[in-house]
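Student: Submitted below is the structure of interest, expressed as structure tokens.
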Amino acid sequence: MFARRRIVWTAIIVATIALLVFGSVRDTGPLTQQDRIDTITKRIACPTCDGESVFVSRASAAQAIRAEVARQVGDGARTDDEVVAYIADRFGGAVLLLPRGTGFDALIWVLPVLFTVVLSAALGLAFRRWQRAGTVAAVSTSKVAAPRRSFAIGIVLTVVVGVAGGVLVARQSGQRLPLQTPTGGIEDSTASLLAQARFSGPTDVKTAIELYGRVLELDPDNVEALTYRAWLIMLSARQFDELIRSQAYTSTITALGRAIELDSAYPDAMCFLGIVVYRDGGDAKSAKEFVDRCLERDPPAEVRGLVESLSADLEAELNG
Amino acid sequence: MKPAKVGAAAVAVVLVAFIAVLVVSDGDTGVGARSPLLGQPAPAIVTTTIDDAPFDLARRKGSWVVFNFFNSTCVPCIAEHSSLVRFVADEAERVDGVEFFTVVNDDADDAVRSFFTANDGKWPKLRDDDGSIAVAFGVAKVPETWIIDPNGFVRLRILGAVVDGVLEEQMAQLRSTQGS
């Protein structure tokens with residue numbers, strides 16, 4: 001009788017584990033783009049309404065999210081989980097209709113399983129005691145010490161099984177967001193490299209030049225990287241001898257010219273070209289032309305500050 | 001140890017841990033709101049103004065940039081407008097003054113034009129017709145104000161209407177930490 005019951009329980013446990021493993025690794029097959037958009041938007045809560053998914057909501061915030069999901073699905077660059085991760089990165093974990101299966105959020109999945117296992121074990125223990133008390137009326141007190149050890153082992157086993165089961169459920173049921181990192185899930189993209197390069201620029205020119213170089217490896221026509229790498233190389237070269245300065249001057253003029261060719265509306269390249277042509281090439285007339293064209297293109301404050309006084313100096317030099 | 005004592009001890013441990021978390025956790029007391037974007041490179045934004053001028057956030061590096069998400073029918077947006085006008089006027093007198101942009105949220109160009117004609121504010125107004133800028137910043141409700149530093153990193157998010165002096169104070173703090 002006891003052996004048969006054990007076989008049944010073993011079969012149930014094996015079947016449960018098998019189903020969970022199957023569910024977590026199965027391939028659901030290809031979906032159409034609209035299917036993917038629907039599936040993703042059903043996983044995301046509308047951030048401005050109560051209890052509605054983006055899929056059903058007609059709120060403007062939900063519509064904007066739906067449009068973004070459609071755009072990312074159309075681009076085809078991200079998986080469903082990555083699209084959900086992008087939205088959760090922006091709006092926070094509260095927009096996930098299924099809580100995450102990792103980190104602190106995983107407790108939502110782990111705790112119910114843990115409590116279920118612990119309470120089941122406690123009930124089983126209680127029933128066993130009552131059964132013993134009913135059938136064996138008189139038990140010698142010397143035998144009380146032995147169950148203590150098995151009781152402690154039982155507690156440990158119960159907690160281990162509860163936590164392990166909970167983690168398994170969390171991994172299977174919770175949303176896994178592959179892009180997320182402790183810093184917020186921003187990818188190591190050219191945008192990130194450019195921001196790091198700008199941050200390093202004033203204090204660590206060598207690192208900034210390397211970072212701009214990495215951007216150009218990924219995107220050879222990146223105008224910002226072309227411009228600022230050339231500018232920093234020229235600034236660095238000024239402390240060296242004539243030969244190095246001359247080589248840097250040639251490569252800087254080429255790179256800035258290339259940046260202007262790629263984007264003639266980009267003021268920074270025009271301003272730097274004006275500065276370099278004057279300070280390192282001694283050509284005031286060309287410099288004035290480049291600086292004026294830069295100022296016409298509304299440069300950011302940092303760059304404007306570099307050339308506004310230069311423009312007046314050039315004017316004075318050319319007229320005097 | 002008896003099972004009852006074990007249970008009581010477990011409950012006590014959980015309660016103590018819970019109280020400890022409440023005691024040591026720091027609540028939100030400042031004007032800045034949380035966002036995973038804080039300290040990260042700002043999202044790439046390419047759009048046009050309601051006057052059809054092109055706008056590319058990447059081209060504004062080197063300046064402090066302030067985005068104010070706005071809708072002409074939103075009451076808090078209307079309430080904060082005079083503070084924004086004063087802030088922008090003060091910043092215009094600085095060499096490193098911020099570049100201020102309104103991001104139009106779910107509103108018509110004409111309605112926005114009428115609002116600004118009636119209430120002043122001559123800064124550029126950016127279109128966000130498909131809501132992609134709002135989604136990129138995680139903006140669900142307006143108004144929201146975001147500050148991006150000259151290196152292109154997101155530095156501050158303010159939820160709701162700003163009152164007089166708040167943006168001035170925050171910019172002063174940010175400039176002192178940035179060293180500009």
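Student: For B:V75, work out the one condition from (1) open to solvent by 40 Å² or more (accessible area, probe 1.4 Å); (2) within 23 Å of B:S176 (Cα to Cα) it doesn't fulfil.
Tutor: Evaluating B:V75 over (1) open to solvent by 40 Å² or more (accessible area, probe 1.4 Å); (2) within 23 Å of B:S176 (Cα to Cα) leaves (2) as the failure.
Student: Out of the helices (runs of 4 or more DSSP H) lying entirely within the range A:1-108, which hold 3 or more residues that are surrounded by 14 or more Cβ atoms within 10 Å (Cβ to Cβ)?
Tutor: Numbers: elements: A:2-25, A:33-42, A:60-75, A:80-91.
Of the helices (runs of 4 or more DSSP H) lying wholly inside the range A:1-108, those with at least 3 residues that are surrounded by 14 or more Cβ atoms within 10 Å (Cβ to Cβ) span A:33-42, A:60-75, A:80-91.
Student: Evaluate the following for B:I147: is it touching an Asp or Glu at 6+ places or on another chain (Cβ under 8 Å), hydrophobic (A, V, I, L, M, F, W, C) and either open to solvent by less than 60 Å² (accessible area, probe 1.4 Å) or assigned to a loop (DSSP other than H, G, I, E, B) (or both)?
Tutor: Working: touching an Asp or Glu at 6+ places or on another chain (Cβ under 8 Å): no; hydrophobic (A, V, I, L, M, F, W, C): yes; either open to solvent by less than 60 Å² (accessible area, probe 1.4 Å) or assigned to a loop (DSSP other than H, G, I, E, B) (or both): yes.
The answer is no for B:I147.
Student: Can you name the residue in the range A:305-320 that is open to solvent by less than 70 Å² (accessible area, probe 1.4 Å) and touching a residue at least 12 places away in the same chain (Cβ under 8 Å) and is also nearest to B:R94 (Cα to Cα) among such residues?
Tutor: A:V307
Student: Can I ask one more? Tell me the residue from A:A164, A:A225, A:A208, A:A170 that is touching a Gly at 6+ places or on another chain (Cβ under 9 Å) and modelled with pLDDT under 90, please.
Tutor: Values: A:A164 fails: touching a Gly at 6+ places or on another chain (Cβ under 9 Å); A:A225 fails: modelled with pLDDT under 90; A:A208 fails: modelled with pLDDT under 90.
Exactly one of A:A164, A:A225, A:A208, A:A170 is touching a Gly at 6+ places or on another chain (Cβ under 9 Å) and modelled with pLDDT under 90, namely A:A170.
Okay, residues lined up against (1) within 30 Å of A:I153 (Cβ to Cβ); (2) more than 12 Å from chain A (Cβ to nearest Cβ):
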| position | (1), (2) |
| --- | --- |
| B:A8 | yes, yes |
| B:G39 | no, no |
| B:P43 | no, no |
| B:N71 | no, no |
| B:P76 | no, yes |
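Student: Next question. Assigned to a strand (DSSP E or B), free of Cβ contacts under 8 Å to residues at least 60 places away in the same chain and within 14 Å of chain A (Cβ to nearest Cβ): is that true of B:V95 in this structure?
Tutor: On the way: assigned to a strand (DSSP E or B): no; free of Cβ contacts under 8 Å to residues at least 60 places away in the same chain: yes; within 14 Å of chain A (Cβ to nearest Cβ): yes.
No: the conditions fail for B:V95.
Student: Just checking, which of A:D105, A:D75 is among the acidic types (D, E), under 19 Å from the mean Cα position of the chain (by Cα) and over 24 Å from B:L38 (Cα atoms)?
Tutor: On the way: A:D105 fails: over 24 Å from B:L38 (Cα atoms).
One residue alone meets the criteria, A:D75.
Student: Determine if the range A:84-102 includes at least one residue that is in contact with a helix residue (DSSP H, G or I) (Cβ under 8 Å, 6 or more places away or on another chain), among the hydroxyl-bearing types (S, T, Y) and at the interface with chain B (Cβ under 10 Å from one of its Cβ atoms).
Tutor: Scanning the range A:84-102 turns up at least one residue that is in contact with a helix residue (DSSP H, G or I) (Cβ under 8 Å, 6 or more places away or on another chain), among the hydroxyl-bearing types (S, T, Y) and at the interface with chain B (Cβ under 10 Å from one of its Cβ atoms).
Student: With the checklist (1) open to solvent by 50 Å² or more (accessible area, probe 1.4 Å); (2) part of a helix (DSSP H, G or I); (3) more than 22 Å from B:I148 (Cα to Cα) in hand, flag the one item A:F199 doesn't pass.
Tutor: Just one mismatch for A:F199, condition (3).
The values are calculated or read from the model by the stated rules, or taken from the named source; none is laboratory data. Please read these numbers as outputs of a predicted model, since none were measured by experiment. Counting neighbours? That spans all protein chains shown, and the Cβs are built from the backbone with ideal geometry, glycine included. Quick note on the areas: whole protein, heavy atoms, side chains included, nothing else; ligands and nucleic acids left out. Shrake-Rupley method; radii C 1.70, N 1.55, O 1.52, S 1.80 Å.
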